[in-house]
Amino acid sequence: MFPLLKRTVPDIDRLRDELGSRLLTDGEECELFRPKRILWLGAWMTFGALTIPLFFTLYFLTIPTGTWVPFAVAHAVLVLAFAVVAQRLKAAGVLLAPDGIREREYFSRMAFTPVEAIATVMVVKLVDSYGEDVSRQLFMLDAEGRRLLRLRGQLWHAADFDRVVEYFSVPVRYIEPAMTWPEFRRSLGGNLAWWERRPILTNAILIAIFVAVAVSTLFAVMAAID
């Protein structure tokens, strides 16, 4: 199964998305949901914790020799790039309206799914791979079982999650008991993101990125010392 392609919506819907959590569209009430703001703050704190000590060390080593300019440029570019990514995270959201779903994902345009396409809502409990925590995963599906909307419980306030489940008058399925990640991938693999379906490849990519950053940083520090 593959996600259903969605139609992009005109700019007027982008404006509606910014008006507030509860608004009227054609005389009927809509609701806007956004991910937890603590995620945005946490991303900036993590970024600062990783980059400030590194660049402080580089500046300490290079300012006396006058070779600090390339590192300052790299620092500025890195901060700017992360600010763009963080803003995309902050702007993400889901607007539910009587005529359907308007969703702005982290790195894509807002998309519209008509209410006629929504056949069922499925809520799955998922056990964390690295602990005993259980999160809820929501899928809005069409009549053929294809994903229209996916919400990960870790990213949303519990009250908002419940309101999304109950918003449309469609059947709701609660899958019990809680699944492990292997069970989750076997049961719903076609409706998961590519990196969720391929954990080994995902881990390999993350390791490669970490090694590349570590090696680049090491060479930069060695060059600064020389």
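The values are calculated or read from the model by the stated rules, or taken from the named source; none is laboratory data. Note that the structure is a prediction, hence the values are computed from the model and not measured. Cβ atoms come from the backbone with ideal geometry, glycine included; neighbour counts cover every protein chain shown.
Descriptive notes on the structure:
- Among the residues of the stretch 115-169, the one identified as among the acidic types (Asp, Glu) and touching a Ser or Thr at 6+ places or on another chain (Cβ under 8 Å) is ASP128.
- The residues of the stretch 174-186 that are in contact (Cβ under 8 Å) with a residue 24 or more places away in the chain and surrounded by 12 or more Cβ atoms within 10 Å (Cβ to Cβ), listed by number, are ILE175, ALA178, MET179, THR180, TRP181, PHE184.
- Residue among VAL69, VAL115 that is more than 21 Å from PHE33 (Cβ to Cβ) and β-branched (Val, Ile, Thr): VAL69
- Identity of the residue in the stretch 123-138, under 20 Å from the mean Cα position of the chain (by Cα) and among the acidic types (Asp, Glu), that ends up nearest to ALA193 (Cα to Cα): ASP128
- Where a residue in the stretch 92-105 is under 27 Å from ILE38 (Cβ atoms) and its partner, wherever it lies, is among the aromatic types (Phe, Trp, Tyr), with Cβ under 6 Å and at least six apart: ALA92/TYR106; VAL94/PHE33; LEU96/TYR167; ARG102/PHE112
Okay, residues lined up against (1) crowded, with 19+ Cβ neighbours inside 10 Å; (2) in contact with a helix residue (DSSP H, G or I) (Cβ under 7 Å, 6 or more places away or on another chain); (3) of a type outside the set (Phe, Trp, Tyr); (4) in a helix (DSSP H, G or I):
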| position | (1), (2), (3), (4) |
| --- | --- |
| GLU144 | no, no, yes, no |
| LEU151 | yes, yes, yes, no |
| ALA159 | no, no, yes, yes |
| VAL164 | yes, no, yes, yes |
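- From the options THR217, THR120, THR113, residue that is over 18 Å from the mean Cα position of the chain (by Cα), polar (S, T, N, Q) and at pLDDT below 90: THR217
- The lone criterion from (1) in contact (Cβ under 8 Å) with a residue 12 or more places away in the chain; (2) touching a helix residue (DSSP H, G or I) at 6+ places or on another chain (Cβ under 7 Å) left unmet by PRO114 is number (2).
- Qualifying position, being within 17 Å of the chain's Cα centre (by Cα), more than 25 Å from TRP40 (Cβ to Cβ) and not acidic (Asp, Glu), among LEU148, LEU155, LEU141: LEU148
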